1. Find, among the trypsin sites (Lys or Arg not before Pro) in the stretch 223-262, those assigned to loop by DSSP (not H, G, I, E, B) with at most 16 other beta-carbon atoms within 10 angstrom.
2. From a point 7 Å beyond the Cα of Asp396 in the direction of its Cβ, which residues of the stretch 439-458 have a backbone N at a distance under 17 Å?
3. To check you understand DSSP bridge types, tell me what percent of the beta bridges within the chain (both residues inside) are antiparallel, rounded to 5.
4. Just to be sure I understand the curve: with the Debye formula and one point per C-alpha of the stretch 113-241, what is log10 I(q)/I(0) at q = 0.10, 0.17, 0.20 Å⁻¹?
5. I want to make sure I understand the PRE zone here: with the label point 7 angstrom from the Cα of Lys29 toward its beta carbon, which residues in the stretch 63-99 have backbone N atoms less than 14 Å away?
6. Between Arg415 and Glu363, what is the FRET efficiency for a Förster distance of 25 Å, r being their Cβ-Cβ separation, to the nearest 0.05?
7. Mind checking the dipole of the chain: about its Cα centre, +1 per Lys or Arg Cβ, -1 per Asp or Glu Cβ, Debye to the nearest 20?
8. Roughly how many nanometres apart are two label points built 7 Å out from the Cα toward the Cβ at Ser473 and Lys211?
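Derivation of every value follows stated rules applied to the coordinates shown; laboratory data play no part. If you're wondering where the values come from, they're calculated on a predicted model, not measured in any experiment. Glycine gets a Cβ as well: all are built from the backbone with ideal geometry, and neighbour counts include every protein chain shown.
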Amino acid sequence: MTKEPTVAFAEFATPKSGSAIVLVPEGGKLSDAAASCDPAGVLPRVFDTAEFKGKLAASVEIFAPQETQLDRLAAVGTGKAGALDENAWLRIGGAVAAAAKNAKEVTVVVDVADASPGARDVAAIGLGILLRSYRFDKYKTRKDDNGDNGRKDDKPVKYTIQCADPAAAEKAFAEASAVGQGVSLARDLVNEPANILGPEEFADKAKALEKLGVKVDILTEKELEKIGMGALLAVGRGSVRPPRVAVMRWDGGDSKQKPVAFVGKGVVFDTGGISIKPAASMEDMKGDMAGAATVVGLMHALAARKAQTNAVGIIGLVENMPDGNAQRPGDIVTSLSGQTIEVINTDAEGRLVLADLLWHCKEEFKPEFMVNLATLTGAVIVALGNQHAGLFSNDDALAERLAAAGKVTGEKVWRLPLGSEYDKLIDTKNADMKNTGGRSAGSITAAQFLKRFVDDTPWAHLDIAGTGMASPSSEINQSWASGFGVRLLDRLVADHYER
Ligand code: BES
Ligand code: MN
Ligand code: ZN
């Protein structure tokens, strides 16, 4: 929300003013270009004094370095240079932005002793800078009360990244920054409070993707009734704000190619409904639409970088409120699939929303695969914390591709089991299934529930309750909302599903 920094690329030339940031591998060896920023040769002594060893994303800085007109000279560690993956370069970029705190003009010298970062690595540094610079500060009305930089209305920070092939880096960065915009969009949506962002307002945000060439259909409550999304509609019943479903399509691939599909839970606020939640931390439930936010951010990324693929994004936007009109525990609802569901707990609402979306997606689009994202269970936070999203899948190849994409992007996923012994925990005498499976294996029984709505379509469910919001701050994210999944799924598509 703070003005995004600008990032440009240039050839090596000793920076004469502003801030200079050099990259230093483990051991502290300076490259020629890095050494040229330090004519007085003070850095080795600084490293020694500060016990800076060049560890990945560590940094040290000095102000007004001798024999230069620079304001500041900083060093950021790369760790063992040589085999750094995308996530490492992103973290280095994040550390660069952190070291540039309060600076206005920054030159980053990407010349690393004993390593030769390529254009994609340099672009990842740029993306790391963008991601680290993100702030949600639109509701801060005082200029000086603005997180860690206090420069709300000032000009954006200007970064110039010096590297071996600036033209190639600029080209790679065009793609990376499209993905960065998608991440920022997802973060904005998750951070936005629910009084501002209801189902209709959220649907408008999806609609806005039309400017990038995405086709967007918004289904109203009436249309959802006509289609028969009885499970999704039951969740929205207690809210004065009517539900919406947004269907987004990016046709960048061969017209005969089956689309890849992404489905998101968009509960704009989850009170629990009649099975109301306790007050502690209930404010976090403004983020219960993180799955939908990621799908919108991903569609933005794919369209903005003109991905050569056909992709569908479907999000279900509802508010889960207690009310005289709300659904009750014990109610039996009929889903779009025709299967009936006994609602044991109105707080297990996400799966009701996804059940109809997944069925609709598979029937309407016959996709290559469906990946759904949802802040589905508190239990996944107990199991995996904020470090991995829960991954469930009926397709080993898809699961392995997701795990691999998770490793390179740093948006990590961990597969948990599915199985008939878990599936039977959601059987009930009164209907085809019930919406909770008891205290044990809460994330797994939720996934079993979803599985009943995908048939044979290759499918993966990402439970992002722990990773999509309230994430610990990292080199590349200082915001409550992480935008988790945009980079992961963009990489999945880029690596396997583009022509
Ligand atoms: N939105 C919550 C899950 C959640 C919890 C997300 C904490 C992020 C942080 C979901 O709708 C929910 O309430 N799940 C219940 C399911 C239970 C009633 C079977 C849960 O996890 O307690
Ligand atoms: Mn809930
Ligand atoms: Zn929820």
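1. For trypsin sites (Lys or Arg not before Pro) across the stretch 223-262 that sit outside H, G, I, E and B with at most 16 neighbouring Cβ atoms in 10 Å, the list reads Lys256.
2. 458
3. If we restrict to bridges inside the chain, about 35 percent are antiparallel.
4. Each listed q corresponds, in turn, to -0.55, -1.05, -1.21.
5. 78-83
6. 0.40
7. Roughly 380 debye, rounded to the nearest 20.
8. Those two pseudo-labels are separated by 3.0 nm.
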